Amino acid sequence: MKKPLKLLRYAILAALIVVIVLLLKKPEPPAPDLPQAEIKPKAESFERKLAQIETERQSGSSNATAKFTTDEVNAFITDASAKATEQLQKAGDTAALEAQAAVKDTKVAFEGDEVIAQAATVRYGQDVYVTVRGRSPTTTDISSSRPPPSRSAR
């Protein structure tokens, strides 16, 4: 009777050690870092596509769509963050600048119809990573004001 309890105790201890190690391990980023030379052109490509959607919507088209790559979205986020930091420095807004600096890294990845977003921030002296996964609706586009079709639960 004592031997199975002893084995169970060691199994629980081993499982707790594995859980602690996994909690302390830094998560893999959803997308690799872009080389500095690629950030500006890909961010501009992202902005061109957004401008094209807006132009089509202003001309009356209700089906304006665009396809964005993971690199374009991440380049836009990096470029926009750098521009925001620059503007905050010029304005001398130290509180907003500190809040902006607290977000260390933001990445987005598209895998099929799934979107993965990860952000890293510093809380209480430790890096905190938040990773969110979600499915993007394939029947509607981002620029549409129509909600995605509802799915009935079975």
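Observations on the structure shown:
- Filtering the range 41-68 to residues that are under 19 Å from the mean Cα position of the chain (by Cα) and surrounded by fewer than 13 Cβ atoms within 10 Å (Cβ to Cβ) leaves only 67.
- Residue tally, condition farther than 30 Å from residue 72 by Cα, at pLDDT below 90 and surrounded by 10 or more Cβ atoms within 10 Å (Cβ to Cβ), over the range 7-40: 0
- Condition check for residue 22: assigned to a helix (DSSP H, G or I), of a type in the set (A, V, I, L, M, F, W, C), in contact with a helix residue (DSSP H, G or I) (Cβ under 8 Å, 6 or more places away or on another chain) and closer than 22 Å to residue 121 by Cα: no
The values are calculated or read from the model by the stated rules, or taken from the named source; none is laboratory data. Everything numeric in this text was worked out from a predicted model, so none of it was measured. Note that each Cβ is placed from the backbone with ideal geometry, even for glycine, and that neighbours are counted across all protein chains shown.
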